[in-house]
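Comments concern the structure below.
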Amino acid sequence: RAPRGLKTLDLGPVTIVMHDITQSLPLGVGRNLSKKIAAVEALQLVGAFSSPELTIAASENFRRFVEPNGQFHGAYGRRIGNQLTQCVNKLRVDPDTRQAVISLWDPWLDNQPGKRDYPCTLTLAFALVNSALELTVTMRSQDVFWGTPYDWWQFSQAQQTAARALGVDAGIYRHITLSTHIYEEFVDAARVVVDTPPPAPADREWQPRGFGRDGDAMSTAIGPS
């Protein structure tokens, strides 16, 4: 497929299941991920705000997605609003509810043509299963080389934050994508990741476990790199 004239290899619908999300940011596998990007995306998602200046400070690559009004059209932080809090409250009232769902795609906004950045994520659905908080994320589109690792991490941070608010463990994370693709120009770089063995458990970096009132500091954990 070649949307917007850009050639991709597209696997179509894919579901990924993580049973342990404490290492959801794949460090040490040859991808050279930016901890700054990971941190600012998670902070804005869970904090329910959008700061183009903060995002661009993490990476200049984001500047091309800024609209003429200076904002990101599809910014998750602005769209999530108080939905995470509402989902937690629903689960407190009814632990068996199937209604703890966050919507990020807005049909009134996102079926308009000509925007520079449309949300790739459709919904985040939380559920308490066997006393653990599970999260199922549904995406319309996912670039496996650039977007996937950061999305895994920011959404799992929201999951762990909600779990801490509920006083339960974070359980399974499911990531469902309708178009799982890679741009052809990044295939060779992706092969390096595939051929790099993951770090041994003892060598893995500690990663934050969401946000909470006990002072778990994302900025301290991520550091300046």
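The values are calculated or read from the model by the stated rules, or taken from the named source; none is laboratory data. The model shown is predicted, which means the values in this text are computed figures rather than measured ones. Glycine gets a Cβ as well: all are built from the backbone with ideal geometry, and neighbour counts include every protein chain shown. Surface areas here come from the heavy atoms of the whole protein model, side chains and all, with no ligands, DNA or RNA. Shrake-Rupley method; radii C 1.70, N 1.55, O 1.52, S 1.80 Å.
Collect the residues in region 97-111 that are among the small types (Gly, Ala, Ser) and in a loop (DSSP other than H, G, I, E, B), keeping them in residue-number order.
Scanning region 97-111 gives a single hit, Ala100.
Every residue, every condition in (1) in a helix (DSSP H, G or I); (2) at pLDDT 95 or above; (3) of a type in the set (Ser, Thr, Tyr); (4) buried (at least 16 other Cβ atoms within 10 Å of the Cβ), yes or no:
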{"position": "Leu9", "(1), (2), (3), (4)": "no, yes, no, no"}
{"position": "Gly12", "(1), (2), (3), (4)": "no, yes, no, no"}
{"position": "Val29", "(1), (2), (3), (4)": "no, no, no, yes"}
{"position": "Ala39", "(1), (2), (3), (4)": "yes, no, no, yes"}
{"position": "Arg63", "(1), (2), (3), (4)": "yes, yes, no, no"}
{"position": "Pro95", "(1), (2), (3), (4)": "no, yes, no, no"}
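What number goes with the only condition from (1) touching a helix residue (DSSP H, G or I) at 6+ places or on another chain (Cβ under 8 Å); (2) polar (S, T, N, Q); (3) within 19 Å of Gln157 (Cβ to Cβ) that Thr123 does not pass?
Status for Thr123: all satisfied but (1).
Return the pairs, sorted by first residue and then second, in which the second residue is surrounded by fewer than 18 Cβ atoms within 10 Å (Cβ to Cβ) and outside any helix (DSSP H, G or I), the first residue lies in region 33-51 and is of a type in the set (Lys, Arg), the beta carbons are less than 7 Å apart, and the residues are 6+ apart or on different chains.
Lys35/Gly223; Lys35/Ser225
Sort out which residues of region 112-156 are more than 19 Å from His19 (Cβ to Cβ), assigned to a strand (DSSP E or B) and open to solvent by less than 20 Å² (accessible area, probe 1.4 Å), and write them in order of number.
Thr121, Met139, Gln142
List every residue pair whose Cβ atoms sit under 6 Å apart, with the two residues 6 or more apart in sequence or on different chains, where the first one lies in region 1-20 and is of a type in the set (Asp, Glu) and the second, anywhere, is surrounded by 13 or more Cβ atoms within 10 Å (Cβ to Cβ).
That search, which allows pairs on different chains as well, returns Asp10/Ser179; Asp10/His181.
Given the options Gly81, Gly77, name the one that is among the small types (Gly, Ala, Ser), under 18 Å from Phe155 (Cβ atoms), touching a Gly at 6+ places or on another chain (Cβ under 8 Å) and in contact (Cβ under 8 Å) with a residue 24 or more places away in the chain.
Gly77
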